[in-house]
Amino acid sequence: MRANSLALRLFVSATGWTVGILILTAIALSSLYRPVIERTFDRRLDVHLNNLVADLSSPEEAGDKFAQSLGEPLFELPLSGWYWQVTRVDGKKRDVRVSNSLWDHELPRLPKPETAGIGETREGYVQGPDEQKLRLVERIIDLGADGRFLVAVAGDATEILDETEAFYQALAITFGALTVVLILTTMFQVRFGLAPLKRISESLTAIRSGMTERLEGIFPDEIAPLARETNALIDANRQIVERARTHVGNLAHALKTPLSVMVNEAAGRADDPLAIKVREQTDIMRDQVVHHLERARLAARVTVVSTLTDVAPVVTALARSMEKIHRDKQIAIAIEAPDHAKFLGERQDLEEMIGNLLDNACKWAQSRVAVEVTCVPSAGSSNSQALHIVVDDDGKGLSAAEREQVAHRGSRLDESKPGSGLGLSIVVELASLYGGSLSLGTAPIGGLRAQLVLPAG
């Protein structure tokens, strides 16, 4: 998930709420559990307290005949953590009776004893012998003439702490596992929910790369309008480009006829200075019209959604055609083009660029022309590739200044060769429209090297 992605926003917000609710729930459960454990423990102490009260109230047990164990052997084990104590509190002779487990110690009273009422049971924590933490319940009973007594029973509070700690650990493990499961579930929900958007992104990439022409498939109701509008936009763009192509073709035909008439009329007056000037200017006009109409046509074509074109068949077919066209020179064209090489663009544009380069190479070559096609990673992008098409000839080659001159529109170094001189400039224009480039250098076989770089599919 990228930092500014919709998926990350949904994931963070959902995870934050989930974790927050789980933490609050864990705190609430832990705060409710401890009082439950304390009440359960107090009920155990109340049983022993009631037994002591019953023994104290019984006439037969009014003397020193308290049942020391009260059914619990821990009351007999010294400093076991389980104790009982009966104290006379009516202001007369001090009388304290304790369990054998207290040995020579006494239990402390709970805070604020003055608030205690007759028969009221109070609970709390106290510090016992050997700094033991005890849970204590006490009650004041009034036996009338026999006196008033404070009956107390205490148990080791470690049991409460241990059970509470075990519950906290189990709660932490359970809620931790639940948090992980909910986070994974949230990730799945985000990915599942945003999957249609990813499909649209992949479909747009496929359209741009020429693998398909429209957004296909069934999309959710929230995204279906976006898919429909995108397809409508693609169709409208294609119609606009088709109309532009038609207008460019019509304009080209409309201009060629009057230009041809002017050239023919001027050709009939060979010695007339005006006719010579007309022929000179009409040639310039024709070159300009061809150049700019071609440029407009190419610009309109590359605005259409790209297609994929196999390079090897195009190069092979053009090489065979050039060998026939330049049969008198007996040019041998060597081709090295892998079958997997594909051009991200239209076939006719690739044919025009390679055709111009091959035609130029065959015009100036002595006997050999070599074509090499390779695919290499694009500069600055590890996910895309660039198509390198190198055309070498064994002609006389060009100097650096001459290479710079012929790379510009209409510049020619030799008027003896046929053609308008616009071949390389058309290649440059068309390559730049595809984001590519054309560079000229020296070929290893002695002549000119033309290297064309184009986007690969």
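The values are calculated or read from the model by the stated rules, or taken from the named source; none is laboratory data. Source: prediction; values computed, not measured. Cβ placement follows ideal geometry from the backbone for every residue including glycine, while neighbour counts extend to all protein chains displayed. Calculation scope for accessible area: heavy atoms of the full protein, side chains included, ligands and nucleic acids excluded. Shrake-Rupley method; radii C 1.70, N 1.55, O 1.52, S 1.80 Å.
A few notes on this one:
- With a Förster radius of 35 Å applied to the beta-carbon distance between Gln288 and Val376, the computed FRET efficiency rounds to 0.45.
- Think of a 1.4 Å ball rolled over the protein heavy atoms: the chain then has 57 Å² of accessible area per residue.
- The chain - share of DSSP beta bridges that are antiparallel (%, nearest 5): 90 percent
- Relative contact order (%) - the chain, alpha-carbon pairs under 8 angstrom, separation at least six: 10 percent
- Extension gain for Val96-Ser437 works out to 112.0 nm (0.36 nm per residue, less the C-alpha to C-alpha distance).
- Net charge contributed by nearby residues that have their C-beta within less than 13 Å of Arg191 (K/R +1, D/E -1): +2
- Rounded to 10°, Cα long-axis angle of helix 224-267 versus longest principal axis of the chain: 10 degrees
- Computed E for Thr257/Glu222 - FRET, C-beta separation, R0 45 angstrom, nearest 0.05: 0.20
- With K and R counted +1 and D and E -1, the other residues having a Cβ less than 15 Å from that of Ile445 yield a net charge of -2.
- The chain: Rg to Rh, with Rh as the Kirkwood radius over Cα pairs: 1.55
- Local electrostatic count, Ala456, Cβ distance below 15 Å [Lys/Arg +1, Asp/Glu -1]: -2
- Separation of alpha-carbon centers, segment 311-333 and segment 133-163, rounded to whole Å: 112 Å
- Between the beta carbons of Leu22 and Tyr125, assuming R0 = 30 Å, the FRET efficiency works out to 0.45 to the nearest 0.05.
- Dipole of the chain, positive direction: furthest Cα of Gly345, Pro258, Ala443, with charges on the beta-carbon: Pro258
- Comparing Phe149, Pro111, Ser101 along the charge dipole axis of segment 91-162, the residue lying farthest to the positive side is Phe149, per the Cβ-charge model.
- The loop-placed chymotrypsin sites (Phe, Trp or Tyr not before Pro) in segment 102-186, going by DSSP, that have at most 14 neighbouring Cβ atoms within 10 Å of their Cβ come out as Trp103.
- Spatially proximal aspartates and glutamates relative to Lys363 (Cα-Cα < 13 Å; intrachain offsets below 8 disregarded): Glu323, Asp328, Asp392, Asp393, Asp394, Asp414, Glu415
- By definition, a body whose alpha carbon gyration tensor gives a ≥ b ≥ c is prolate when a/c is 1.5 or more and a/b is larger than b/c, and segment 146-235 fits this prolate description.
- Separation in nanometres of the label points that stand 7 Å from Cα toward Cβ, at Arg43 and Leu184: 3.9 nm
- Segment Ala145-Glu213, extension gain: residue separation times 0.36 nm, minus the distance between their alpha carbons: 13.8 nm
- Part-to-part distance (alpha-carbon centres) for segment 422-442 and segment 182-220, which is given in Å: 37 Å
- Placing pseudo-labels 7 Å out from each Cα toward the beta carbon at Arg243 and Leu74 gives an inter-label distance of 9.4 nm.
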